[in-house]
Amino acid sequence: MRCPICQIRPAKRKCPARGDAICAVCCGTKRLVEIRCPSDCGYLASARQHPPAVVQRQQQHDIALLLPVMNELTERQYQFFLLFQSVVVRHRNDPLRPLLDADVSVATASVASTLETASRGVIYEHSTTGVNAQELGAELKRVFGEVTGQMEGPRSPLERDAAKALRAIEEAARGVGKIVGDEREGFLSLARRVMKPSQSSAGHDEKPVDTPGSGLIIVP
């Protein structure tokens, strides 16, 4: 019996998420990316304890692609980067209107411009075109508002830091696809691989503020 996913290799692994058998390669490469593996899956547990060399190389490659846009970020900007990237990864993806890297770059650029303007004391909403970019931009602004609503002090530094993080994501969304040879979803595929269901920055001395629904912590 051939694997129902690749239609090439023998299906030898029982997949609890799908309810059928798939091949070892599809199990290893599509795990938690295209297949929603349950936490009690034996193959998932084994992979977390002993990730294969190919997965380790993929992780190292993904991080290397993101490092150029993250190197100049401060700790708080990096936390905003993780927060906004988690919003991008969780954003509803309609098969009939798929979210693309171009949508991410347009949305993050628009929201970054709005925050940069606000940090200078001018309230101006930078608009964007495209339904996907508009919806993602609205979600990014909503999450930023929820996070900063819990934090004390002036908003301008937060707006500047959030804008810096959004610019980093914009740069990655524009550049990663060209490097990996997939300008439609190269960045999104990478982001979905590297982002975990929950991110945390435990270990800071400052009082943290939990971000709504993300598992992230922004340090004031």
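Read-outs throughout are calculated quantities, based only on the coordinates presented, and are distinct from any laboratory measurement. In this text the structure is predicted, and so the values were computed from the model without any measurement. With ideal geometry, Cβ positions are generated from the backbone for all residues, glycine too; neighbour counts draw on all protein chains shown.
Below are the figures for this structure:
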read-out	value
For region 50-124: rounded, prolate or oblate by the Cα gyration tensor [a/c cutoff 1.5]	oblate
Added length on full extension, which subtracts the Cα-Cα distance from 0.36 nm per residue, residue 126 to residue 49	23.1 nm
Long-range amide H partners of residue 20 with built H, under 5 Å	15
Neighbour-count ranking [beta-carbon atoms within 10 angstrom, fewest first] of 48, 155	48, 155
Relative contact order for region 39-184, counting Cα pairs under 8 Å that sit 6 or more residues apart, in percent	34 percent
In order through region 125-131: 3J(HN,Hα) via Karplus (6.51 cos²θ - 1.76 cosθ + 1.60), integer Hz, x for Gly, Pro	8, 6, 8, 9, 10, x, 4
Ranked list, fewest to most other Cβ atoms within 10 Å of each Cβ, for 188, 67	67, 188
Shape call, region 87-153: gyration tensor on alpha carbons, a/c limit 1.5	oblate
Distance between modelled label sites at residue 179 and residue 24, nm, 7 Å Cα→Cβ extension	3.1 nm
